[in-house]
Amino acid sequence: PLSVGAKRQVLGFGAHTFAAGGATTATLTARPQVPFRVSRLVVQVTRTVGAAGIAVAINNVFVGTKSQFAGADSIPAEAFSFNAVGVALLGDSAQPGIDINVQFSVSAAPAGADTVIVQPVIFGDAVS
């Protein structure tokens, strides 16, 4: 249930494209404009045909400097797919101006013209 005065809102991070010759890790950052408490991470992964075997892992989610993971191991991005069940988080709250970061990696850089696009979104409770 929502706390009094809260609204369920979404926080976008844009997208990152992994391509040939590029890095295999990335961080996307969002800065909420209202107090925002993390409650669910959803990750959309789009691969070209030649990149179908490349795995994507979520390495960590930070609210400010606080990790939202209970351990140090990465988690497959599929665990946070749009149709995943039972993956709600009860994360920390970010005050306006505090960054929320999603760190992720691919198992290998794509080759040639192939790409892997990662687009995270966090749903949470905002109080205005």
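The values are calculated or read from the model by the stated rules, or taken from the named source; none is laboratory data. Note that the coordinates shown come from a computational prediction; the quantities given were computed from them, not determined experimentally. Positions of Cβ are generated from backbone atoms using ideal geometry, with glycine treated the same way; all protein chains shown enter the neighbour counts. We work out accessible area using only protein heavy atoms, side chains counted, and drop any ligands, DNA or RNA first. Shrake-Rupley method; radii C 1.70, N 1.55, O 1.52, S 1.80 Å.
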Positions within segment 36-57 being open to solvent by 40 Å² or more (accessible area, probe 1.4 Å) and farther than 21 Å from S81 by Cβ, in sequence order: R37, G50
Output for segment 110-128, where each listed residue is charged (D, E, K, R) and assigned to a strand (DSSP E or B): D125
Enumeration of residues in segment 1-33 that are touching a strand residue (DSSP E or B) at 6+ places or on another chain (Cβ under 8 Å), among the aliphatic types (A, V, I, L, M), over 15 Å from Q119 (Cα atoms) and exposed (fewer than 13 other Cβ atoms within 10 Å of the Cβ): L2
Residues located in segment 58-109, provided they are part of a helix (DSSP H, G or I) and open to solvent by less than 50 Å² (accessible area, probe 1.4 Å): A77, A79, F80
Tabulated pairs, segment 58-80, first touching a residue at least 12 places away in the same chain (Cβ under 8 Å), second in a helix (DSSP H, G or I) and open to solvent by less than 100 Å² (accessible area, probe 1.4 Å), C-beta under 8 angstrom, 6+ apart or interchain: I58/A77; I58/A79; I58/F80
Test: residue in segment 41-52 that is free of Cβ contacts under 8 Å to residues at least 60 places away in the same chain and among the hydrophobic types (A, V, I, L, M, F, W, C): yes
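Yes/no per residue for (1) within 17 Å of A55 (Cα to Cα); (2) modelled with pLDDT of 95 or more:
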residue: G5; (1), (2): no, no
residue: H16; (1), (2): yes, yes
residue: A19; (1), (2): yes, yes
residue: T25; (1), (2): yes, yes
residue: P32; (1), (2): no, yes
residue: L41; (1), (2): no, yes
Tabulated pairs, segment 101-128, first within 16 Å of T24 (Cβ to Cβ), second among the small types (G, A, S) and assigned to a strand (DSSP E or B), C-beta under 7 angstrom, 6+ apart or interchain: F104/A26; F104/A57; S105/A57; P110/A19; T115/A19
